[in-house]
Amino acid sequence: MAITNSASARWSGDLKTGTGAISTRSASLSGVPYDFRKRFEGAAGTNPEELIGAAHAACFSMALSGELGKTGLVAEDIKTTATVTLDFPGGSATVTAIHLDLEARIPGASAAALQAAAESAKANCPISRLLKAEITLSARLV
């Protein structure tokens with residue numbers, strides 16, 4: 001059974017001075033503004049790459065919890081930060097890499113068990129499988 005979700009974006013104006021807004025069906029995001037300055041010039045606010053990072057960090061964290069459960073481990077805390085790199089190979093804006101930085105508190109887990117579960121989660125979470133960018137990972141118990 002397929003599960004569907006949706007989000008919408010609106011845009012008005014030209015690329016550099018125009019503005020847009022992002023919304024999700026769940027209303028978790030409702031009219032959140034985005035524009036060229038937020039995306040390419042570091043202005044405060046969100047942008048598509050930040051949203052991809054949030055989606056990837058959340059998906060990976062859930063997948064890791066599932067992988068740990070297969071071995072009888074339950075995390076007290078999983079913190080994943082996804083750093084998305086937007087580069088311009090050949091002059092075209094391209095997400096070229098995502099680095100997942102994981103810190104986890106897992107009673108009874110070894111570093112090897114964490115690494116194995118994290119690698120499997122990285123390879124198998126739906127957002128990882130969606131992306132073409134190189135995805136790297138660092139994982140540590142805290």
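The calculated 222 nm mean residue ellipticity attributable to helices in the chain amounts to -10000 deg cm²/dmol, summing -39500 (n - 2.57) over DSSP H runs of n ≥ 4 and dividing by all residues. Annotation: the residues Leu51, Leu141, sorted from fewest to most other C-beta atoms within 10 Å of their own C-beta, follow the order Leu141, Leu51.
Label zone (Thr17, point 7 Å along Cα-to-C-beta; backbone nitrogen cut-off 19 Å) within the stretch 44-65: none.
Summing Lys and Arg as +1 and Asp and Glu as -1 over all other residues whose Cβ lies under 15 Å from the Cβ of Ala116 gives a net charge of +1. In sequence order, the stretch 55-72 has phi-based couplings of 4, 5, 4, 5, 4, 4, 4, 5, 4, 4, 4, x, 5, 4, x, 4, 10, x Hz under the Karplus curve 6.51 cos²θ - 1.76 cosθ + 1.60, θ = phi - 60°, and Gly or Pro positions carry x. Given their separation in residues at 0.36 nm each and the Cα-Cα distance between them, Glu76 and Ala97 gain 4.7 nm when the chain is fully extended. Within the set (1) 1.14; (2) 1.04; (3) 1.09, the number that Rg/Rh (Cα atoms, Kirkwood Rh) takes when calculated for this structure is listed as (2).
How much FRET efficiency would the formula 1/(1 + (r/R0)^6) give for Val142 and Ser30, where r is the Cβ-Cβ distance and R0 is 22 Å, rounded to 0.05? About 0.05, to the nearest 0.05. FRET efficiency for the pair Asn5 and Asn124, taken as 1/(1 + (r/R0)^6) with r the Cβ-Cβ distance and R0 = 25 Å, rounds to 0.85.
Since every read-out is calculated from the coordinates, none of them should be taken as a lab result. The shown structure was predicted, so the numbers you read here are calculated from the model rather than taken from an experiment. Reconstructed Cβ throughout: ideal geometry from the backbone, glycine too, with neighbour counts over all protein chains shown.
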